[in-house]
């Protein structure tokens, strides 16, 4: 199913520097010229410069504005990040271009320096700032078309014959305003001239709830409500006329409940769906069942006072559901390769080890699939899943029925023990402290971290305080939006912990694992089915 979303685009010319604080696609074409793409992982902003000559160190003025020269362009770009409070350790640098043409290569009417000279100048300048380049596409005999996504730091590169560059540059420079980005089934991005909005359908038997949801959704200019239905039958009739991009679906409805409707829809016409729930204990079972059937996520049923408070969260979930490749993919635990080999624990006390896992969107299903594949003998497991109060207790009880070891909602004072897993309670943080020669769980109401409580980083960071743990921690980061857990994972890795993150192909949302990978926090990127082997392998070492 093709999808499209309006986004700003900008065509970058040689000698130009561009910094974006809002989501923008920057496009350019490179021969011997070189482009440096910089992305701040924390502030989620990006910038790019393109230069065609190295420049002369002997004539470096502090306020140089000639961004055709590397010696000026790179410092000027980095200065833009410094102005906005970016920290060097949060910057991701990617270098593109510099085809290995001769000393002077004529490109259109512009004479540029050798690509190798431009690359060398970039490397030397970046090293002088004690920064590292994490990815390169440089040299060679081809030109390059580059697209840089400032909201995510992603780059896309396509090789082009040098003799075609001038025509491509001219064509692209004519279209650099707001355009439509279409993401096809092959995950390729295509720039189109038309614009559109994400089409949302509301399915709920309550008139006031439908009205509130409509108001919340249409507060975002990228979203539009194309229909409202008070029953499954009405929803099917509306969908026969026009298919929505995303559906918000009530759990409890007359005649046909939301889960039953979802099951049928996912078999016939899979559409990204967000379940709307009262978030009480009685609805926890149906919500978890909906997630197993392929629902993207769930959210609290809103009230009038929630219009401003949670509308941003709803917008974020709808856009993420729309752009996710996870539409209707129904995976069951028995689809994973079962891993039944027992742990070899000779000479080891598993109470001295800790398996720490963090997850967010898509995490309840991922955790269920992962934990049910582990044997009955495991080290103490601590889990932070972004989850609301009440649901965490129900989730722990559900896992306790499925797993070969004990699973419970964590309580203040719980002692970490082998063959027992602890789920952070919804709405509260969980950390580990060392008391009386034992590792103890502490539950706190400290301020949210990365907007979340419970927070994965909060849990990971508590393990960093215990030097003696070191190599006895195995830390995993699973599917989820945002970056929570990525920095904590890096700190754990630096202390000797074994770390892994879920790979893109098995994630519902490749957000948190992607940030962790870009930070260098991950020993191995793994599919969900390979994680049990990773855990056992490192315990057996």
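Pairs linking a residue in region 5-17 that is assigned by TED's automatic domain parsing to the domain that holds residue 147 and closer than 18 Å to residue 49 by Cβ to a residue that is at pLDDT 80 or above and assigned to a loop (DSSP other than H, G, I, E, B), with Cβ atoms under 6 Å and 6 or more positions apart or on different chains, are 14/33; 14/52; 15/67; 15/68; 17/67.
Just one of (1) more than 27 Å from the chain's Cα centre (by Cα); (2) surrounded by 14 or more Cβ atoms within 10 Å (Cβ to Cβ); (3) modelled with pLDDT of 90 or more; (4) not in a strand (DSSP E or B) fails for residue 169. It is (3). With respect to the conditions (1) in contact with a strand residue (DSSP E or B) (Cβ under 9 Å, 6 or more places away or on another chain); (2) more than 21 Å from residue 469 (Cα to Cα), residue 496 falls short on a single one, namely (2). Condition test on residue 120, is it modelled with pLDDT under 65 and more than 30 Å from residue 509 (Cα to Cα)? Taking the combined requirement at face value, the residue does not satisfy it. Restricting 32, 61 to those that are at pLDDT 85 or above and either under 15 Å from residue 94 (Cα atoms) or assigned to a loop (DSSP other than H, G, I, E, B) (or both) reduces the list to 32. For region 416-425, what are the residues that are in contact with a helix residue (DSSP H, G or I) (Cβ under 9 Å, 6 or more places away or on another chain) and modelled with pLDDT of 95 or more? Selection gives 416, 421, 422, 423, 424, 425.
Which residues, counting only those in region 121-143, are farther than 19 Å from residue 89 by Cα and either touching a helix residue (DSSP H, G or I) at 6+ places or on another chain (Cβ under 9 Å) or without any contact (Cβ under 8 Å) to a residue 24 or more places away in the chain (or both)? Hits for region 121-143 are 121, 138, 139, 140, 141, 142, 143. Taken together, 146, 131 contain a single residue that is modelled with pLDDT of 65 or more and not in a strand (DSSP E or B), which is 131. Beta carbons closer than 6 Å, at least 6 apart along the sequence or on distinct chains, pair a first residue in region 236-247 that is touching a residue at least 60 places away in the same chain (Cβ under 8 Å) with a second that is surrounded by 23 or more Cβ atoms within 10 Å (Cβ to Cβ) and in a strand (DSSP E or B) for 245/198; 246/200. The set of residues in region 236-245 that are crowded, with 16+ Cβ neighbours inside 10 Å and either more than 31 Å from the chain's Cα centre (by Cα) or in a strand (DSSP E or B) (or both) comprises 236, 238.
Taking first residues from region 363-378 that are in the same structural domain as residue 426 (by TED's automatic domain parsing) and in contact (Cβ under 8 Å) with a residue 60 or more places away in the chain and partners that are assigned to a loop (DSSP other than H, G, I, E, B) and surrounded by 20 or more Cβ atoms within 10 Å (Cβ to Cβ), the Cβ contacts under 6 Å between residues at least 6 apart in sequence or on separate chains come to 363/478; 363/479; 366/478; 366/479. Comparison of 96, 92 shows that the only residue that is touching a helix residue (DSSP H, G or I) at 6+ places or on another chain (Cβ under 6 Å), assigned to a strand (DSSP E or B) and either under 20 Å from residue 45 (Cα atoms) or modelled with pLDDT under 85 (or both) is 92.
Within region 203-216, identify whether any single residue is touching a helix residue (DSSP H, G or I) at 6+ places or on another chain (Cβ under 9 Å), surrounded by 19 or more Cβ atoms within 10 Å (Cβ to Cβ), at pLDDT below 95 and under 21 Å from residue 269 (Cβ atoms), and answer yes or no. Checked against the condition, which is being touching a helix residue (DSSP H, G or I) at 6+ places or on another chain (Cβ under 9 Å), surrounded by 19 or more Cβ atoms within 10 Å (Cβ to Cβ), at pLDDT below 95 and under 21 Å from residue 269 (Cβ atoms), region 203-216 yields no hits at all. Can you give me the number of residues within region 246-291 that are farther than 24 Å from residue 198 by Cβ, at pLDDT below 90 and assigned to a helix (DSSP H, G or I)? Adding up the residues that qualify gives 3.
The values are calculated or read from the model by the stated rules, or taken from the named source; none is laboratory data. Not measured: the values here are computed from a predicted model. All Cβ positions, even for glycine, are placed from backbone atoms using ideal geometry, and neighbour counts span all protein chains on display.
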